[in-house]
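Data first, discussion second: the structure below is written as structure tokens.
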């Protein structure tokens, strides 16, 4: 299964955006600009003309959609769990893989009244990062920059205490110090942050996936069945992270081409 998933992954390339946008519109294909890999071009005079049609890409164009159009084109399975968790008042940790249009699901959740906080990789240059921050803030989503210090944890703990929903893209270990899990039959690392945050705050964890459909998007929400605690923090964090990996494996298996990971997903793939 892992080989099938890898073969289904989109391959990164550099191209003028206009032609891609035209083809996608004709064929009903969702089109995404990845900020970490391609977004810099928006600010680079050498290649800026290739990004003239960036507004035709769904990850940018959805900003211009009226709320009613977003909601009309988004279907859900299990979204009642998010509202139940909000009613319980302890905040919610929503973990997502890079699956489908996660910007669309965040916009749809915010449009339905969920108070959201998103953690974003701090891209360089700073102008590029601010571009993506401002876009999400226009959706009504608060953005916390992922930095190499403890202020992120404090900000997220505070958000949960205020009963907000935190969205964490959790299938990439950016530090190299994540927790080793098994996924699709092979070892890889995933970030420890979601599990540590759940352990320290007691907030519930929801697994969220987004899939492209002919008319828009379909969101799937599963409450994470939390493993029984042992009292050993590292053991408990590992068990929770493995449970998240298992849920991601199920989501990705539903539509492997929707998983966007433009880098080696397993250590041996980098060799």
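Taken together, the values in this text are just the output of simple stated rules run on the coordinates, not laboratory data. As the structure is a prediction and not an experimental result, all values here were calculated from the model. Methodologically, a virtual Cβ is constructed for each residue, glycine included, from the backbone with ideal geometry; neighbour enumeration extends over all protein chains shown.
In which sequence would 248, 83 go, from the one with the fewest C-beta neighbours within 10 Å to the one with the most?
On the way: 248 24, 83 15.
Ordered by Cβ neighbours within 10 Å, fewest first: 83, 248.
So what is the relative contact order for the range 67-270, in percent, with contacts set as C-alpha pairs under 8 Å and at least six apart? Spell out each step's value before the answer.
Details: 348 pairs, mean separation 60.2, N = 204.
Relative contact order here is 29 percent.
Among 255, 151, rank each residue by its count of other Cβ atoms within 10 Å, from fewest to most, as a rough exposure measure.
Values: 255 16, 151 10.
The most exposed by this proxy come first: 151, 255.
Would you kindly state how much longer the chain becomes between residue 230 and residue 83 on full extension, computed as 0.36 nm times their sequence separation minus their alpha carbon distance, in nm to one decimal?
On the way: separation 147, 0.36 × 147 = 52.92 nm, distance 2.93 nm.
Contour length minus the Cα-Cα distance gives 50.0 nm.
What FRET efficiency, computed as 1/(1 + (r/R0)^6) with R0 = 30 Å and r the Cβ-Cβ distance, is obtained for residue 73 and residue 199, rounded to the nearest 0.05? Don't jump to the answer; show the numbers that get you there.
Details: r = 37 Å, r/R0 = 1.23.
Plugging the Cβ-Cβ distance into 1/(1 + (r/R0)^6) gives 0.20.
Packing-wise, with mean Cβ within 10 Å as the measure, how do 69-81, 89-101, 162-174 rank, highest first? All intermediate terms of the calculation are to be shown ahead of the outcome.
On the way: 69-81: 15.9, 89-101: 23.2, 162-174: 20.0.
The packing order, highest mean first, is 89-101, 162-174, 69-81.
For the range 67-270, divide the Cα radius of gyration by the Kirkwood radius and give the resulting Rg/Rh value with two decimals. Could the numbers behind the result be given before it?
On the way: Rg = 16.2 Å, Rh = 17.3 Å.
Taking Rh as the inverse mean 1/r over Cα pairs, Rg/Rh reads 0.94.
Label residue 263 and residue 138 with points 7 Å out from Cα along Cα→Cβ: what is the distance between them in nm?
2.8
Quick check on the range 121-230: take the gyration tensor over C-alpha atoms, sort the square-rooted eigenvalues as a ≥ b ≥ c, and tell me if it's rounded (a/c under 1.5), prolate or oblate.
Values: a/c = 1.33, a/b = 1.16, b/c = 1.15.
Here the range 121-230 falls in the rounded category.
Sorted by mean Cβ packing within 10 Å, highest first, what order do the peptides 228-237, 135-144 take? Walk me through the numbers on the way to the answer.
On the way: 228-237: 11.9, 135-144: 17.3.
Going from most to least packed, we get 135-144, 228-237.
Note down the relative contact order for the range 58-170 as a percent, whole number, built from C-alpha pairs under 8 angstrom at least six residues apart. Please list the in-between numbers first.
On the way: 133 pairs, mean separation 42.8, N = 113.
It rounds to 38 percent for the range 58-170.
Hey, what D do you get for the range 64-110 in µm²/s if you plug the Kirkwood alpha-carbon radius into Stokes-Einstein at 20 °C and 1.002 mPa s?
On the way: Rh = 12.1 Å.
My calculation gives 178 µm²/s for D.
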